[in-house]
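The values are calculated or read from the model by the stated rules, or taken from the named source; none is laboratory data. Keep in mind the model is a prediction, meaning the values are calculated, not measured. Positions of Cβ are backbone-derived with ideal geometry, glycine not excepted, and every protein chain shown enters the neighbour counts.
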Amino acid sequence: MGMMARMRNLAPWFILGVGGLFVLFMVITDSKVLDFIQTTRHNIGSVNGEVITDKEFSDFLEAARRNQQAATGRDIDESQMDFFRDQVWDAMVTRKLIDEKIKEFGIVVSDDEIRNQLLGPNPPAGLKQQFTDSTGTFNRQLYESALRDPRNKQIVIQLEDQIREQLVQQKLQDYLFASINVSNQELLDQFIQQNIKMKADYILVDANTIPDSTINVTKDEIKNYYDKHLDDYKIQAQRRLKYVMFRKVASKDDSTAVFNNLIAIVNKLKNDTSSFKTYAQIYSEQPYSKDTVSILTLPESARDLLLTARVGDIVGPVKTFDGYTVYKLVDKIKSKNEVVKASHILIKSTGNDQNDLKRANEIYQEAVKGTDFASLAKANSQDPGSALKGGDLGWFGKGQMVKPFEEAVYSGKVGQILKPVKTQFGYHIIKITGKNDNDFVIEKIVNKIQPSGTTLDKLYNDANDFAYIAKENSFESEAKLMNYSVIETPPFTEDATAIAGIGQSVALVKFAFDEGVGKISDVVKVPAGYVVAMVSDIIKPGFKKLEDVEIAIKNTLLRQKKIDKAMQIASTIRSKIGESTDLSIASQVYPQAKIASTETEFNSNGVIPGLGREYAFSEYSLNAELNKLSQPIRGVRGAFLIRVTSRTEFDQRAFQAAKESLRNQILQRKKNYYFSQWIQDLKKEADIVDNRYLFYR
């Protein structure tokens, strides 16, 4: 390999050098977009007073888009662009905040440090590898010659920049993580959680089995609880918005345009010698594939069409979940699993089986005499879901219906109306409408149905018109006049990044806290479309009133008292069992007691098979004497009596051998958490202005 080629192969190693912890910090390291353009015009936002222009963000966005294309081989789907812009904006803000902290901490990397990295005794591994032969010998002379070759000047400059970036990151890591360490107890706890497995028998006195009527919670108890836990009912300043949502949905014209476009493609395909695959690669919005599928995995709209199609036929366009789809039926092959199609009329069980069967037989007789089955189902079936469709249940395979129903359908013939079949739901009169034992080999062209530019422009203009009129007159009356639905949000705080019902919108949160009641916003772009909002309520910080939380407190106290009662019952059971190994004695004391085994093993993470998360259960089991019944253990679900039947022995040698690996795992987890929390805190403290909603529609 020539030196120039070797040098060009070096760059990718640096991009992967530091790892996932600083992905945001590393984003687009070869971009010059962070050479800030100091201007007051076209500002898309700012971070702690430092302006971000629309050009700067657009350049950063485009660079990120190119990186995404290079990594995945595909461009960002237009439907994902809003989300992608949010990610890029977040990365840009994060980068600026980190750069600010690097300056504040005085972190610098000298030219000598870079030179030492490149020319020192231990060059970076990725560099060395390019100049190491098959015997593992590093050719230092060739390496240094390549670095000094004038033809490699630009590549070396790029490598130096990347090394500088890497060293800055390393120094920042050293600064941030200097105080993070892992204790021996943490190592021991992690080893135990990964390696100590247990099984147990248990008796559960479930608090839910204790009737509410047996427990009394007084007003004084509720008041005392409220006073002691007042901090639990602290509320921050909050806002509510009333809003009208103009949703981004495709119009009928958009749908028709996609359909007509695919019709044209199908017509062209039928008169062309090019393969279906070629057309799919050009026109499909999904990667080309040839798939063998069951009829059950096909969209309902395509099932019957493909069933009646011949091999080689082109079917569609058909409306599916993906949009409009054109299929080519490449082949039909025998399936291992036959599927069936049926309609039914359900006569629900009333408890009087004789009357239920009589009614079912009457309807059956009408059906076999020729009365339209679908009409009978609509008039008589007590399965509302299928009755609306004339009793049609569609296609299904084995295991999807209750056993008696399944056995009846699979044993019958297509077109046959079966005598009433009894299941746990009642009596079914069943008509078998289809059977199929083929799978389908298909190719497809998929086009999504998305709002066109014209539709989005109209949507934005409608929102803009409403915002103007609402500001001039009245938000709610104008919405009513124009037949728009007005929705009110739940309360949200100033640090919210998303609003229930609206989605993520920093701009609307800021608007709500900057303006007074009755103030109406401009049009704001949100994930679902466009919103015009009005501040409807300002909630001042303080505490929730007792009357607002009284029911919740009562339920909490009720639960506590029921668990207290469960503990008393468990104590009685424990006394009754004594030294006996017979846990069934519990049923004599309290018939609702659950006697069970964990069956599968559990560890110290608190998740108990069949019970869910019960930390007290796993904590007791970790150190309990084997095969001895415990005293009552207070859990989340109630009171437990536990007998640990097996537990892995602690292996000191294995623990010593695993220590270093465990230390690295825990340390990395702590670093990741610390860095994530540090970034969140930076963002909370920062003055971030986001005006992107003014630039993107």
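Considering only residues in region 287-322 that are crowded, with 16+ Cβ neighbours inside 10 Å and farther than 21 Å from Lys334 by Cβ, the one that is nearest to the chain's Cα centre (by Cα) turns out to be Thr320. Restricting the first member to region 318-338 and to residues that are touching a residue at least 60 places away in the same chain (Cβ under 8 Å), and the second to residues that are of a type in the set (Lys, Arg), the beta-carbon pairs closer than 6 Å and six or more apart or on different chains are Gly323/Lys448; Thr325/Lys444; Tyr327/Lys444. So, Gly49, is that one outside the structural domain of Ala528 (by TED's automatic domain parsing), surrounded by fewer than 14 Cβ atoms within 10 Å (Cβ to Cβ) and touching a residue at least 60 places away in the same chain (Cβ under 8 Å) or not? Here the answer is yes, as Gly49 does meet what is asked. Summed over region 195-226, the residues that are more than 34 Å from the chain's Cα centre (by Cα), in a helix (DSSP H, G or I) and not hydrophobic (A, V, I, L, M, F, W, C) give a count of 11. Gln238 meets the conditions (1) within 30 Å of Arg663 (Cβ to Cβ); (2) in contact with a Pro (Cβ under 6 Å, 6 or more places away or on another chain) in every case but one. The failed one is (1).
Going through region 390-419 one residue at a time, which ones are of a type in the set (Asp, Glu), assigned to a helix (DSSP H, G or I) and surrounded by 14 or more Cβ atoms within 10 Å (Cβ to Cβ)? Please lay out each step first, then the result.
Restricting attention to region 390-419, the residues satisfying the condition of being of a type in the set (Asp, Glu) are 392, 406-407.
Within this subset, residues satisfying the condition of being assigned to a helix (DSSP H, G or I) are 406-407.
Of everything in region 390-419, just one residue is of a type in the set (Asp, Glu), assigned to a helix (DSSP H, G or I) and surrounded by 14 or more Cβ atoms within 10 Å (Cβ to Cβ), namely Glu406.
Number of residues in region 478-500 that are part of a helix (DSSP H, G or I) and out of contact with any helix residue (DSSP H, G or I) (no Cβ under 8 Å at 6 or more places or on another chain) equals 2. For region 264-279, the criterion of being closer than 30 Å to Met482 by Cα, touching a residue at least 60 places away in the same chain (Cβ under 8 Å) and surrounded by 14 or more Cβ atoms within 10 Å (Cβ to Cβ) is met by none of the residues.
Just to be sure I understand the filter: pairs with C-beta atoms under 9 Å, separated by 6 or more residues or on different chains, first member in region 485-511 and at positive phi and at pLDDT 90 or above, second member surrounded by 20 or more Cβ atoms within 10 Å (Cβ to Cβ) and among the aromatic types (Phe, Trp, Tyr). Which pairs pass? These pairs meet every condition: Gly501/Tyr243. Within region 370-389, work out how many residues are part of a loop (DSSP other than H, G, I, E, B) and over 43 Å from the mean Cα position of the chain (by Cα). Count: 3.
Applying the criterion of at least 2 residues that are surrounded by 14 or more Cβ atoms within 10 Å (Cβ to Cβ) and touching a helix residue (DSSP H, G or I) at 6+ places or on another chain (Cβ under 8 Å) to the helices (runs of 4 or more DSSP H) found wholly in region 502-606 leaves 546-577, 585-589.
Scanning region 83-101 for residues that are within 14 Å of Leu682 (Cβ to Cβ) and among the acidic types (Asp, Glu) yields Asp90, Asp99, Glu100.
Does Leu97 fit the bill of being under 30 Å from Glu619 (Cβ atoms), in contact with a Lys or Arg (Cβ under 8 Å, 6 or more places away or on another chain) and part of a helix (DSSP H, G or I)?
Details: under 30 Å from Glu619 (Cβ atoms): no; in contact with a Lys or Arg (Cβ under 8 Å, 6 or more places away or on another chain): yes; part of a helix (DSSP H, G or I): yes.
Spelling it out, it is not the case that Leu97 is under 30 Å from Glu619 (Cβ atoms), in contact with a Lys or Arg (Cβ under 8 Å, 6 or more places away or on another chain) and part of a helix (DSSP H, G or I).
With respect to the stated conditions, Tyr283 is in contact (Cβ under 8 Å) with a residue 60 or more places away in the chain, closer than 18 Å to Asp77 by Cβ and assigned by TED's automatic domain parsing to the domain that holds Phe440.
Matching residues to (1) over 35 Å from the mean Cα position of the chain (by Cα); (2) aromatic (Phe, Trp, Tyr); (3) assigned to a helix (DSSP H, G or I):
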{"residue": "Ser646", "(1), (2), (3)": "yes, no, no"}
{"residue": "Arg653", "(1), (2), (3)": "yes, no, yes"}
{"residue": "Gln656", "(1), (2), (3)": "yes, no, yes"}
{"residue": "Leu662", "(1), (2), (3)": "no, no, yes"}
{"residue": "Lys683", "(1), (2), (3)": "no, no, yes"}
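Being over 30 Å from Asp681 (Cα atoms) and without any contact (Cβ under 8 Å) to a residue 12 or more places away in the chain is a description that does not apply to Asp149. Checking the structure you have, find out if any residue of region 440-454 is in a helix (DSSP H, G or I) and over 24 Å from Lys242 (Cβ atoms). Checking region 440-454: at least one residue is in a helix (DSSP H, G or I) and over 24 Å from Lys242 (Cβ atoms). Just one of (1) more than 36 Å from the chain's Cα centre (by Cα); (2) under 15 Å from Ile432 (Cα atoms) fails for Asp392. It is (1).
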